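Chemist: Before we start, here is the structure in question, set down as structure tokens.
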Amino acid sequence: MTRIRNLRAAALLLGVSALALPAAAVEPVVVPEQPVFPAQGKITYVPRDSILEFKALPSYKEPAWVTEKFVKTGKLPPVGERLPKEPMVFKTGNMPDGIGVYGDTIRHVIGGRPEGWNYSAGQTQGWGGIDIGMSECLTRTAPLFQVEAKDMEPLPNLAKSWEWSEDGHRLTMKLVEGAKWSDGDPFDSEDIMFYWDDNVVDSNVSPLNGATPETFGVGTTLKAIDKYTVEWTFQEAFPRQHLYAMAYGTFCPGPSHILKTKHPKYAKTTYDDYKNGFPPEFLNVPVMGAWVPVEYRSDDIIVLRRNPYYWKVDEEGHQLPYLNEMHYKLSTWADRDVQAIAGSGDFSNLEQPENFVESLKRAAQETAPARLAFGPRLIGYNLRLNFSANGWGEPDERAKAVRDLNRNLDFRKAVTMAVDRKKLGEALVKGPFTAIYPGGLSSGTSFYDRQSTMYYPFDLEGAKALLEKAGLADTDGNGFVNFPVGTAGGADVQVVLLVNSDYGTDRNLAEGIVGQMEQLGLKVVLNAVDGTKRDAAQYAGRFDWFIRRNDQDLTSVVQNTTQLAATGPRTSWHHRAGTDGSVDLMPFEQEMVDIVNAFVASSDNDKRAELMRQYQKIATSNLDTIGLTEYPGALVINKRFSNIPEGAPIFMFNWAEDTIIRERVFVAADKQGDHELFPEQMPGKPGDSGPIN
Ligand code: GLA
């Protein structure tokens, strides 16, 4: 038996068709309909210009203690002088509970850990909304979940307005004028150009969310015209799509006056010194966001206090934010759910189905401290196979052989047909939550078309036949298929599956895959590492397969669009440039790249919808990714908070931490708790050991 299989495998490798196995053409079908799970909370759609504007108001206000303790003592200039000429004004009509009052804190709990504050150089701050609250970006997209489709375009933010040249190749952006970093240093085009030239374009530096020049289109350039004007040039005409890439997290500049002191171009330092020059202990790092980090206790908490120079106000002139403080307790993601439900934390994106049933039960009680609302099915997971055969991640012989398999459609079909998605979903939670998800665009995006979503149903026997067709047989009879003789010494095929160990769901899915692949006869071993290490391994291409929770490219299509395919050397999650700088695209991937580029270049809604139908068909029938499961998430937020928009999804253009517009969130006076750890204190100077009195 062993010998025959071996021969067969060898013959197949030589392309001897006479020995071809019965597994003839396996064709996909349209994916089945999903179980109905109605989203809770009705979204009220509004015109884009009803949310905010930029204008001067007759006078400005701030918390009384700021005036008393900081302005009157000369520690801070008066509020009017700290604000830009024309601050951003949030319109009252769009604020669910209207103008707020000052005080209190959001007690976040997060599962990540801060590497340091250098977001521009790729350091994580621990996720869970901490970096989102510190960052401000050229444009903003999270609040678009409520904007009418006909009006869809990112909101202004650091860029307060923009204008296209007649031919559509140039875009001139006006920056908010006279805004300041939280230490009082002026914000201007120098910050924009430092971020672009010395972080995005400098290939020694890779910003946290992976921005590269191609994120904004191949051949795109950016230059400063004056202090408050920058100009983009694009190869395409009117690529309005790139305005989305200028939002979180790919165009959020850092404080150039501080970062330059450690960047090799300006200081006698290395790129390593630059990346690691601002560790978590470096407090009071200047931000444009609403809160500044003033306290860090390892494995315990990060505390942020209000930014005295924040450049946004309400219509009565109150400088925002209303909340004086932000907490990030350093715990686990599962604990975030538990604490938010119990009331010792204030916020969670309920995204791990293992916690759904308990959380729902508690939230249904009248005494529950938090409200919980499910949104559409926008949380999804994919298994991604490393498609690079030209050296990304420097694979050894075994890894190279696995990549060749990854590039073989029969092999991918075998893998997907061996995935029992019903079982995978039910292992996470029983009930109508999880749905069969074959990969590709999320069913929650407006670009989703079920008829274009192709699916290879679960069929273990068919999968086994395909594995043989791909040249793999169990030559040593141990239950696992071997490489053909001559490849990796004919050893058992062993696939290393990279997974983020910070989340129960990721681990459970990965373990489910290991078990299901064992049924197929494919040996998969886990490389479960924390989120930071997972990201590092993934960006460096050091993986055979990995499991990744979907990002905005799949859930919104318009956000992070260039990640939908290998449109640039470092845009795709699972296929990046090899050692020679090129991406060795397979023909279907080239088609995907062309479609995504055409989508970006087009402003015609019907054409864009059609392009995404084509994308979906190609991606799912060729198994660009192997979908695992898809389910809805719920926003859990303590009942004392006001101005939380109804229907806010936990994830669409960005995470809910941004979607709910935290700078406008407040706690009514009679509901305020004694949560502030540094009452009546303000951020100190950059690098100081804490806040000041
Ligand atoms: C993590 C969490 C998400 C969300 C994001 C914000 O990924 O799992 O729920 O809080 O951080 O960046």
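The numbers here are math on the coordinates, done by the rules we state, and not lab data. Values in this document were obtained by computation on a predicted structure and should not be read as measured data. A quick note on method: Cβ atoms are made from the backbone with ideal geometry, for glycine too, and the neighbour counts reach across all protein chains shown.
Chemist: Can you flag which of LYS69/LYS160; LYS72/LYS685; LYS91/LYS150; LYS61/LYS685; LYS55/LYS262; LYS75/LYS180 are past 25 Å Cα-Cα?
Modeler: Check vs 25 Å cut-off fails for LYS69/LYS160; LYS55/LYS262.
Chemist: Also, I was wondering about something else. Where does helix 2-13 land angle-wise versus the long Cα axis of the chain, in degrees 0 to 90, nearest 10?
Modeler: 70
Chemist: When only alpha-carbon atoms count, how far does segment 525-584 stretch along each of its three principal axes, as whole angstroms with the largest first?
Modeler: 33, 31, 18
Chemist: Okay, moving on. So what is log10(I(q)/I(0)) for segment 413-461 at q = 0.21, 0.23, 0.25, 0.31 1/Å, when the Debye sum runs over its Cα atoms only?
Modeler: Scattering profile of segment 413-461, log10 relative to I(0): -0.84, -0.95, -1.02, -1.14.
Chemist: Tell me, what is the FRET efficiency for ASP580 and LYS268 to the nearest 0.05, using R0 = 22 angstrom and their Cβ-Cβ distance as r?
Modeler: FRET efficiency, ASP580 to LYS268: 0.10.
Chemist: According to the square roots a ≥ b ≥ c of the eigenvalues of the Cα gyration tensor, what is the shape class of segment 633-693, taking rounded for a/c under 1.5, prolate for a/b larger than b/c otherwise, and oblate for the remainder?
Modeler: Here segment 633-693 falls in the oblate category.
Chemist: Compute the acute angle (0 to 90°) between the alpha-carbon long axis of helix 397-406 and the principal axis of greatest extent of the alpha-carbon atoms of the chain; round to the nearest 10°.
Modeler: Orientation of helix 397-406: about 90 degrees from the principal axis.
Chemist: Alpha carbon centre of segment 22-66 versus segment 564-586: separation in Å?
Modeler: Comparing the Cα centres of segment 22-66 and segment 564-586, I get a distance of 30 Å.
Chemist: Quickly work out the GLN40-to-GLU518 label distance, labels modelled 7 Å from Cα along the C-beta direction, and quote it in nm with one decimal.
Modeler: It is 3.8 nm.
Chemist: Bin width 5 Å, alpha-carbon pairs only: give the P(r) of segment 60-151 as whole percents, running from 0 to the bin holding the largest distance.
Modeler: Reading the bins upward from 0: 2, 8, 12, 14, 19, 18, 18, 7, 1, 0, 0.
Chemist: Another question about this same structure. Mind jotting down the distance between the C-alpha centroids of segment 405-450 and segment 610-685, whole Å?
Modeler: Their Cα centres are 24 Å away from one another.
Chemist: Please list, in chain and number order, the residues 5+ apart from THR629 or on another chain whose amide H is under 5 Å from its amide H, with Hs placed from the backbone.
Modeler: TYR381
Chemist: If segment 278-385 were replaced by its equivalent ellipsoid, with semi-axes equal to the square roots of 5 times the Cα gyration tensor eigenvalues, what would those be, largest first, whole Å?
Modeler: They are 30, 20, 16 Å, listed largest first.
Chemist: Can I ask one more? Where the convex hull is taken over the Cα atoms of segment 592-693, what is its projected area averaged over directions, in nm²?
Modeler: Over every viewing direction, the Cα hull of segment 592-693 projects on average to 12.4 nm².
Chemist: Expected output is a single nm value to one decimal: the length gained when fully extending between ILE692 and TYR539, i.e. 0.36 nm times separation in residues minus the C-alpha distance. What is it?
Modeler: My answer for the length gained is 51.1 nm.
Chemist: Kindly state, as a whole number, the per residue volume in cubic angstrom of the convex hull around the alpha carbon atoms of segment 470-510.
Modeler: Expressed per residue, the convex hull around the Cα atoms of segment 470-510 is 94 Å³.
Chemist: When the chain is fully extended, how far beyond the present Cα-Cα distance does GLU148 get from PHE238, taking 0.36 nm per residue of separation?
Modeler: Here the segment from GLU148 to PHE238 would lengthen by 30.3 nm.
Chemist: Hey, another quick one. Bin by bin, in steps of 20 Å, what percent of the Cα pairs in the chain do you find, going until the bin that has the longest distance?
Modeler: P(r) for the chain, in whole percents per bin: 18, 51, 27, 5, 0.
Chemist: Still on this structure, please answer the following. For segment 191-343, state what percent of all Cα-Cα pairs lands in each successive 5 Å bin, counting from 0 Å until the bin that includes the largest distance.
Modeler: 2, 7, 13, 15, 16, 17, 14, 9, 5, 2, 0
Chemist: Excluding LYS413 itself, what net charge comes from residues whose Cβ is under 11 Å from its Cβ, given Lys and Arg +1 and Asp and Glu -1?
Modeler: Result for the local shell: -1.
Chemist: Give a residue-ordered list of calculated ³J(HN,Hα) values for segment 527-532 (Karplus: 6.51 cos²θ - 1.76 cosθ + 1.60, θ = phi - 60°; whole Hz; x for Gly, Pro).
Modeler: Those phi angles translate into 10, 9, 9, 5, x, 5 Hz.
Chemist: Where Rh is the Kirkwood radius over the Cα pairs of segment 442-590, the temperature 4 °C and the viscosity 1.567 mPa s, what D in µm²/s does Stokes-Einstein return?
Modeler: Estimated via Stokes-Einstein, D reaches 73 µm²/s.
Chemist: Do the sum for the chain: with -39,500 (n - 2.57) for every DSSP H run of n ≥ 4, divided by all residues, what is the mean residue ellipticity at 222 nm, to the nearest 500 deg cm²/dmol?
Modeler: Mean residue ellipticity, 222 nm, calculated: -6500 deg cm²/dmol.
Chemist: Please compute, for the alpha-carbon atoms of segment 250-311, the extent along each of the three principal axes and give them in descending order in Å.
Modeler: 33, 31, 21
Chemist: OK, next. Residue-wise, which Karplus ³J(HN,Hα) couplings in Hz belong to segment 30-35, taking 6.51 cos²θ - 1.76 cosθ + 1.60, θ = phi - 60°, and x for glycine or proline?
Modeler: Calculated HN-Hα couplings, in order: 5, 4, x, 5, 8, x Hz.
Chemist: Same structure, new question: Taking the Cα atoms of segment 314-360, what is the range of coordinates along each of the three principal axes, in descending order and whole Å?
Modeler: The Cα atoms of segment 314-360 stretch 44, 22, 16 Å along their principal axes.
Chemist: Continuing with this model, one more query. Show the residues, 5+ positions off or on another chain, whose built amide H is closer than 5 Å to the amide H of VAL101.
Modeler: Here VAL667 satisfy the definition.
Chemist: Counting only DSSP beta bridges with both residues in the chain, what percent are antiparallel, rounded to the nearest 5?
Modeler: The answer is about 75 percent antiparallel.
Chemist: While we're looking at this one, here's another question. Taking the Cβ of LEU460 as the centre, find all other residues whose Cβ is under 12 Å away and add up their charges (Lys, Arg: +1; Asp, Glu: -1).
Modeler: For residues surrounding LEU460, the net value is -2.
Chemist: What Kirkwood hydrodynamic radius, in Å, does segment 89-206 give when the mean of 1/r is taken over all pairs of distinct Cα atoms and then inverted?
Modeler: For segment 89-206, inverting the mean 1/r across all distinct Cα pairs yields 17.5 Å.
Chemist: Send over the Kirkwood Rh of segment 340-440, from the inverse of the averaged 1/r over different Cα pairs, rounded to one decimal Å.
Modeler: After inverting the mean inverse Cα-Cα distance, the result is 17.1 Å.
Chemist: Also: Round to the nearest 10 and give me the degree value, 0 to 90, for the angle of helix 460-469's Cα axis relative to the longest principal axis of the chain.
Modeler: 70
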